[in-house]
């Protein structure tokens, strides 16, 4: 069981009161400016073809696999990796959750609606297709995992790897089933049944 120590800076901010608020406001303003700059950069870049998207996205997908396996291996051995501090270990898990949530948000907002025009596998609404229902199941488990990691990071509870494993097991099967089905559904042999090459090149990826 491990617990993060409260940093001295956090204590100072709590004692100073107003000073702590100023720090939060300054950090929030900085993040707002960063988001605006990122949005401007995204608007300047041309859309990627499906092939280009896969090439650029491959590292992010690889890192997601790596993060899950790193966490799960630690749970199975009941030992945190020696080369990672507790804070780094928790950060790895939180980054995994953040990347997966962003990935799903992009799919649901920009990609799946286009695919749903011709493909029943991406139908939304009351009778949503299986891939969409899997997203809902995944997010229930992911939210619980993220909440646990955040509580550990704030020092509200001690990290217990058996508990972490339970959090991951609750949605691990549906996650990997979803990824396998998604790869198969978006594979060339299935996509060619619905889309021309020209249409694929215009996909919002």
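Descriptive notes on the structure:
- Residues that are touching a residue at least 40 places away in the same chain (Cβ under 8 Å) and outside any helix (DSSP H, G or I), drawn from region 96-148: 118, 119
- Boolean, residue 179 is modelled with pLDDT under 95 and surrounded by 14 or more Cβ atoms within 10 Å (Cβ to Cβ): yes
- If you go through region 184-205 and keep only what is surrounded by fewer than 11 Cβ atoms within 10 Å (Cβ to Cβ) and closer than 19 Å to residue 123 by Cα, you end up with 187, 193.
- Some residue of region 126-143 being touching a strand residue (DSSP E or B) at 6+ places or on another chain (Cβ under 7 Å) and crowded, with 17+ Cβ neighbours inside 10 Å: no
- Taking (1) out of contact with any strand residue (DSSP E or B) (no Cβ under 6 Å at 6 or more places or on another chain); (2) assigned to a helix (DSSP H, G or I) in turn, residue 156 satisfies each apart from (2).
The values are calculated or read from the model by the stated rules, or taken from the named source; none is laboratory data. Every value quoted in this text rests on a predicted model; they were computed, and no experiment measured them. Positions of Cβ are generated from backbone atoms using ideal geometry, with glycine treated the same way; all protein chains shown enter the neighbour counts.
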